[in-house]
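J.: Here's a structure for you.
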Amino acid sequence: MTSGHGDGRAKRETTGTQMRGAVPDFDSAPAASDPPRRFRSTRVEVEGREEVKVVEVPAFDPVPWDDDADLAIVGRRAERADALEKVTGRARYTTDVQRPGMLHAAILRAPVPRGRLATLDLLPALAMPGVRDAIARADIPAIEVNGFPLLDGVVRHAGQPVAVVVADTPGQARAALAAVQVTYVPEPHAVTAAQALADGAPRVRGEHGNRTRRAPRAARRGDVAKGLAEADVVVEREYRMPCVLHTALEPHGAVAEWTGDQLTVWESTQGIFATRSDLAEGLSLALTNVRVVKDYMGGGFGAKNGASTNAFLAALLARRTGRPVSCINDREGEQTDTGNRAAAVSRVTLGATRDGRLTAIRAETTIALGIDGWEASPGKIYHQLYACPNVETRDTFVWTNTGAMSSFRAPGHVEGAFGLECAMDALARELGLGPLELRRRNHVERDEEKRRDYTGKRLLDCYRLGAERFGWEGRDARREAGDARLRRGFGVASQIWGAGGGPPAYALVRLNPDGTADVLTGSQDLGTGTRTVLAQVAAEALGARLDAVRVVLGDTERTPYTANSWGSMTVPSVAPAVRMAAEDARAQLFEAAAGLLDAEPGALSAREGEISAPNGRVVRIAEVMARLGEVMIVGRGTRGPNPDGHSIASFGAQFAEVEVDVETGRIRVLRIVAAHDSGRILNPTLAESQVEGGIIQGLGYALFEERVLDERLGMPLNPTMHDYKIPVVGDVPRIETEFVGAADALANHTGAKGLGEPPIIPTAPAIANAVADALGVEMTELPMTPWRVRSALSG
């Protein structure tokens, strides 16, 4: 069992609907001559990994919403369903949950990067006012977090939990931590990849040594040596990317309450069903005895994909005390022990002919995973983005005595894009070509990595429309020479991300006697507007008014299964299930309305809450439901398989304009234009918000964010939001968004693709390329702080 913060989720997803072993009946799609199957297998890309999943084949296939579909609600700007709750403060986050008699837990964390507990005495803490209990290694069952037993007394990174106390108030719990008497036996540590790979380095993970448990990931096509020999120009660069922290405004936290042998947990999680499975397995409970609730969420970005340490500790303490327990991280705990985007160093080589055609790509990347983590590949994007016959990548993953890596908004692709896209600009300069022209010349129509067609690709349109809106061709005229200190620069970068979603995902649409509708699905709204877009899809498919539809989600007891909200999966996975459920309910509704309208059910149509017949007669949905009395109409929907033989991906390009002060080294991003191909846009306002959020996070990656370590002591030096800088309002540039293309009806019948991750991928390289354009000096290390700019300028 792997749970908690270090994306054990990638490993844990080998359970449930993931294929395990040979299951002959599900191995492939049926041939046209085969009898219909209830279940089959399909391929789903999740966080850069392609997985084979079992899928329930839908009972019927809705007609795809292509570009000619007559839609009245989907695709329009609609007010957020949760806007009133949020602006009035009524939205309830996990930190707001209050239960009768609730206690508050605080976690004691190790102040050393590696070692073991020598002594631990909880009695002084138990004697403090208001303290009800305290637990350590001997007081709990064997529960693994980040691949290691929870509270086992072996310290593997600074900030690791070693004990927990619970008291009547948060202040009393924090005070009791100071009374715990604890001593440590420090041991040699390795907190960077260089330290971990050095001769004589301590073994970070004893059973595997310092490297990942399998050989470094290598992938190739063609012959790179031959491609480099054929190249007229070769560029070689080394790029360094920092470890960055999710820094969600709402920290990890959970509230646990027992009713007999039934456990209810309110958790700030991106996956209620994954969290339920983790808790059930870790606490030896039946799934039916665990309920997980997630109402509102203050950010996750990939760090909250399963049961957290907080959830396990809250559940254990609640069972011991017989009272509900809240366990919420303080900021330092959040910044040191809840995951990160791993630091990486990439050595990139590109070869090209004089006319700009790529002949070879090579990338070798070393990734410092921390004490645990799953292996997101920075090398993957090198195989996907451009046409090149010879590509070779090698990713080496290294264990270090730091907090575990976890999924962080487009893991791997963000790091890979910085190396690839900056190297492409370096190549363009060597060739004397414009950077946008070089990208166009190496555009590829098919998925060269998997050797199959895309369901849709409009990257060339992204280049064209983005450049037009940005004024790319006229950029030189905007270089201001008034102040010799300030240099203006312009940059571009591209993006690809698997954003097709997939099964399993289920939904129910339940019609009420007053004509309103409840949509029930086990998804999560992370603040992205899932409630709103799913309501739009249901209202459109049902023919109801949008204000008559309510979406219920985030509760394992009330809703059918859907997977985690990660990997740009939610909308393309859940929206098709919601649409199918709504159409199923509509078909039943038309059966009931047919007699009232003196027409056949198949001849009826519905819009804005009214059902119409060809004879001109009209009846309101509310009237039909009122006549049915207590008879219920419940529609059922399931997400069907992805199309066989195709890849589903989003594409995009971003253009950045920057101003650099050559005396101070300060970079100011003035403007970013983002052009993205993400299929049908269900709600433009929410989609624009997604793009803006991704760009702002990418801006932090480019200019500010970096976990700083004292390598000698092995300790983080900036574990608070005072010292770890993220962008604030004054740092945010003008952001303009252009959505390119139209519905991808082959991807799924709503035509939508995911948009959560794509916007962050090209932001940092676009800014770095703009800085290089301004200064005539390449920036090869992130973040591009003033001192790094000054160092680059000085040679």
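J.: On a full-extension model of 0.36 nm per residue, what is the gain between Phe60 and Arg451, subtracting their alpha-carbon distance, rounded to one decimal in nm?
T.: 137.8 nm
J.: Sticking with this one: Note down the nm distance, to one decimal, between modelled labels 7 Å out along Cα→Cβ at Glu608 and at Glu332.
T.: Once both label points are built, they end up 6.0 nm from each other.
J.: Kirkwood hydrodynamic radius for the stretch 205-356: how many Å is it when counted over pairs of different Cα atoms?
T.: Mean inverse Cα-Cα distance, inverted, gives 19.1 Å.
J.: To continue, here is another question. Figure the gain on full extension for Leu628 and Glu230 (residue separation times 0.36 nm, minus the Cα-Cα span) and round it to one decimal in nm.
T.: Gain in length upon complete extension: 135.7 nm.
J.: Please turn the phi angles of the stretch 461-477 into ³J(HN,Hα) values with the Karplus equation 6.51 cos²θ - 1.76 cosθ + 1.60 (θ = phi - 60°), one per residue in order, whole Hz, x for glycine and proline.
T.: 5, 4, 4, 5, 6, x, 5, 5, 5, 6, x, 4, 5, x, 5, 4, 6
J.: Gain in length, Arg485 to Arg790, computed as 0.36 nm per residue apart minus the alpha-carbon separation, to one decimal in nm?
T.: 108.6 nm
J.: Treat each spin label as a single point 7 Å out from the Cα along the C-beta direction, and report the Leu460 to Glu79 distance in nm.
T.: Inter-label distance under the simple model: 4.4 nm.
J.: While we're here: Could you give the nm distance between label points at Val708 and Glu468, where each point is 7 Å from its Cα heading toward the beta carbon?
T.: With each label placed 7 Å out from Cα toward Cβ, I get 4.6 nm.
J.: Calculate, for Arg617 and Arg92, the FRET efficiency according to 1/(1 + (r/R0)^6) with r their C-beta to C-beta distance and R0 51 Å; round to the nearest 0.05.
T.: After rounding, the FRET efficiency stands at 0.70.
J.: For Arg636 and Arg550, what does the FRET efficiency come to when R0 = 22 Å and r is the distance between their Cβ atoms, rounded to the nearest 0.05?
T.: 0.80
J.: Taking 8 Å as the Cα distance limit and 6 or more residues as the minimum spacing, I'd like the relative contact order of the chain as a percentage.
T.: About 17 percent, as a whole number.
J.: Ordered by packing density, taken as the mean number of other Cβ atoms within 10 Å over each peptide's residues, highest first, how do 763-772, 67-76, 696-705, 286-295 rank?
T.: Top of the packing list down: 763-772, 696-705, 286-295, 67-76.
J.: Give me the percent of the accessible area of the stretch 506-631 that comes from carbon and sulfur atoms, probe 1.4 Å, all protein chains in place.
T.: Answer for the stretch 506-631: carbon and sulfur cover 47 percent of the accessible area.
J.: Just want to confirm a number: the relative contact order over the stretch 276-390, from Cα pairs under 8 angstrom separated by 6+ residues, in percent.
T.: About 16 percent, as a whole number.
J.: Please state the charge dipole magnitude for the chain, taken about the Cα centre, from unit charges on C-beta atoms (+1 on K and R, -1 on D and E), reported in debye and rounded to the nearest 20.
T.: Rounded to the nearest 20 debye, it is 1040 debye.
J.: So how do 393-401, 608-616 stack up, highest first, on mean other-Cβ count within 10 Å?
T.: Descending packing order for the listed peptides: 393-401, 608-616.
J.: Ok, one more. Could you grab the relative contact order for the stretch 365-468? Cα pairs under 8 Å, six or more apart, rounded to a whole percent.
T.: 29 percent
J.: Just to verify a number: FRET efficiency for Arg203 and Glu238, C-beta to C-beta distance, R0 = 25 Å, to 0.05?
T.: The pair Arg203/Glu238 has a calculated efficiency of 0.35.
The values are calculated or read from the model by the stated rules, or taken from the named source; none is laboratory data. All values reported here derive from a predicted model rather than from experimental measurement. Quick reminder, even Gly has a Cβ in these numbers, built from the backbone with ideal geometry, and neighbours come from all protein chains shown. Accessible surface is based on the protein model in full, side chains and every heavy atom, while ligands, DNA and RNA are left aside. Shrake-Rupley method; radii C 1.70, N 1.55, O 1.52, S 1.80 Å.
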